[in-house]
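Visitor: Sharing a structure with you now.
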Amino acid sequence: MANKTKITKTKKTCKLCKNELVGRLGKVFCSIGCKNEYHVKLRRVNKLATNNVDLILHRNRSILLEVMGKNSRQKKISRLILDKKKFNYSYVTSYHLNVHNKMVNHVYDFSWIIFSDEEILIFRKKDKN
């Protein structure tokens, strides 16, 4: 005799308003309105979270541009200069180790290497024009 297991179905609810869903199996929202409102709220939360980081990154780039000037490609400066301008070393767009095993930090088109507690080499990527 075969043992039959009873399968119970659970009622799914709308991800936003928690109303019971009726229709296809993979449905997540009860209406287009709930779907739109959910995504608008999601974008708003994401924008708030990323705006602060973007502001810091843009400020860091502005500081590097100010220190370097428009025409310089490479410059060695005292770390105190960046510290006085409140440069935030923790925020970078990317980083890597160079062939000399030094950490190269990038903020958009600028890069810097910390040589010691006192010296920083800043360089700018070449334009593709």
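Visitor: Inside segment 27-51, can you point out the residues that are farther than 30 Å from T93 by Cα, under 31 Å from the mean Cα position of the chain (by Cα) and small (G, A, S)?
Guide: G33
Visitor: When both residues are 6+ apart or on different chains and their Cβ atoms are under 7 Å apart, which pairs have a first residue that lies in segment 16-29 and is within 19 Å of K41 (Cα to Cα), and a second that is outside any loop (DSSP other than H, G, I, E, B)?
Guide: L16/C34; L16/E37; L16/Y38; C17/C34; N19/T13; F29/K35; F29/Y38
Visitor: Here's a check for you: in segment 73-101, which residue that is β-branched (V, I, T) and assigned to a loop (DSSP other than H, G, I, E, B) is surrounded by the most Cβ atoms within 10 Å (Cβ to Cβ)?
Guide: Here the answer is V92.
Visitor: Okay, moving on. May I ask you to say which residue of S90, S78 is under 30 Å from I120 (Cα atoms) and over 28 Å from the mean Cα position of the chain (by Cα)?
Guide: S78
Visitor: If I filter segment 57-68 for residues that are touching a strand residue (DSSP E or B) at 6+ places or on another chain (Cβ under 7 Å) and of a type outside the set (A, V, I, L, M, F, W, C), do I get at least one hit?
Guide: The answer is yes, given that some residue of segment 57-68 is touching a strand residue (DSSP E or B) at 6+ places or on another chain (Cβ under 7 Å) and of a type outside the set (A, V, I, L, M, F, W, C).
Visitor: Looking for something on the phi > 0 side of the Ramachandran plot and surrounded by 12 or more Cβ atoms within 10 Å (Cβ to Cβ) - is there at least one such residue anywhere in segment 107-114?
Guide: Yes; the residues of segment 107-114 include at least one that is on the phi > 0 side of the Ramachandran plot and surrounded by 12 or more Cβ atoms within 10 Å (Cβ to Cβ).
Visitor: Please give the number of the condition K47 fails out of (1) modelled with pLDDT of 95 or more; (2) closer than 30 Å to K15 by Cβ; (3) among the charged types (D, E, K, R).
Guide: Unmet condition: (1).
Visitor: I've got another one for you. Return a yes/no flag: does segment 104-112 have any residue that is more than 30 Å from L16 (Cα to Cα), free of Cβ contacts under 8 Å to residues at least 12 places away in the same chain and assigned to a strand (DSSP E or B).
Guide: Checking segment 104-112: at least one residue is more than 30 Å from L16 (Cα to Cα), free of Cβ contacts under 8 Å to residues at least 12 places away in the same chain and assigned to a strand (DSSP E or B).
Visitor: Please state which one of L64, L57, L42 is of a type outside the set (S, T, N, Q) and either surrounded by fewer than 11 Cβ atoms within 10 Å (Cβ to Cβ) or without any contact (Cβ under 8 Å) to a residue 12 or more places away in the chain (or both).
Guide: Result of the check over L64, L57, L42: L42.
The values are calculated or read from the model by the stated rules, or taken from the named source; none is laboratory data. All of these numbers come straight from a predicted model, not from anything done at the bench. Neighbour counts are summed over all protein chains in view; Cβ atoms, including those assigned to glycine, are modelled from backbone coordinates with ideal geometry.
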